[in-house]
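Read-outs: derived from the displayed coordinates by stated rules, not from any lab. The structure presented is a predicted model; accordingly, all values stated were derived computationally and were not measured. Virtual Cβ from ideal backbone geometry, glycine too; neighbours counted across all protein chains shown.
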Amino acid sequence: MQLDPSTLNEKEQYKLMTGAIVPRPIALVTTLGPLGPNAAPFSLFNMAGSAPPMVMFSVGNQGDGREKDTIQNLRHLPEFVVHICNEAIAERMNVCATDYPTGVNELVKAGLTALPSSKVKPPRIAESPVHMECKVMQIIDAGERHHVVLGEVVLFHFHDGIVNEQLRVDIVKLNPIGRLSGPNYARLREFFKLQRQFVGEVPKQLVD
Ligand SMILES: Cc1cc2nc3c(=O)[nH]c(=O)nc-3n(C[C@H](O)[C@H](O)[C@H](O)COP(=O)(O)O)c2cc1C
């Protein structure tokens, strides 16, 4: 089966992409606007690089063309905190996805606890197992209505016991969830290993 996106409408393209590009990690992103803090989840999210540590997420405009509060806030103050969403905060993350009027603090609506950040002004969320304080490097206005935010991580916070002395993150303790299509989510339960094969010497520094 071949499908040419130019023959599909945006909803159809969205269905194919969000059905096939799975599972997607979920960043619960806090920002700070003139009317106070804001929190919203984004699954068009990933690591973007490691020199320096970088993350990216993509924010679409609202159906009526309005920019979402997250983008409006980032244009005002180019700082944010990314929180990895795990099973324990899944329901509360979902409350933060409600399109409340600008200025409504989703953290209060969701019953999440705001903590002060150290290197950026937007607050962080106590209940999330991982917080990454970030500064905006670029906002790329892409296509008809998306804004890809590229940010540098300037400080990591992990709940105690998640990272060991070798800096390995315990996936079971982290217990992240993944977004599938529509209202569907996935848990991570079964793991397996693949050793990388090398021709000749094993490189000193592995770069994926
Ligand atoms: C799990 C999940 C993932 C989402 N991912 C995105 C995304 O990647 N990009 C986006 O624009 N909206 C995404 N949304 C919708 C936004 O969270 C929603 O529009 C939110 O109200 C935006 O908030 P804001 O206006 O406060 O920025 C997602 C919603 C959920 C529940």
Bin all alpha-carbon pair distances of the chain at 10 Å intervals from 0 and give each bin's fraction as a whole percent. 8, 31, 36, 19, 6, 1
How high is the relative contact order of the range 12-104, in percent, with contacts defined as C-alpha pairs under 8 Å that are six or more residues apart? 34 percent
Tabulate in residue order the Karplus-calculated ³J(HN,Hα) for the range 148-165, using 6.51 cos²θ - 1.76 cosθ + 1.60 with θ = phi - 60°, rounded to whole Hz; enter x for Gly and Pro. 8, 9, 10, x, 9, 7, 9, 7, 9, 10, 10, 4, 4, x, 8, 10, 8, 5
Contour minus Cα-Cα span, residue 190 to residue 166, at 0.36 nm per residue, comes to 6.4 nm
Here are some pairs, 68/173; 11/68; 11/121; which of them have Cα atoms lying more than 26 Å apart in this structure? 68/173; 11/121
Can you give me the relative contact order of the chain as a percent, contacts being Cα pairs under 8 Å and 6 or more apart? 22 percent
Under 17 Å Cα to Cα from residue 193, which lysines show up? Leave out anything in the same chain fewer than 8 places away. none
How much length is gained if the chain between residue 6 and residue 154 is pulled fully straight, taking 0.36 nm per residue apart and subtracting their Cα-Cα distance, in nm to one decimal? 49.3 nm
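For residue 100 and residue 46, what is the calculated FRET efficiency with R₀ set at 22 Å and r taken between the beta-carbons, to the nearest 0.05?
0.25
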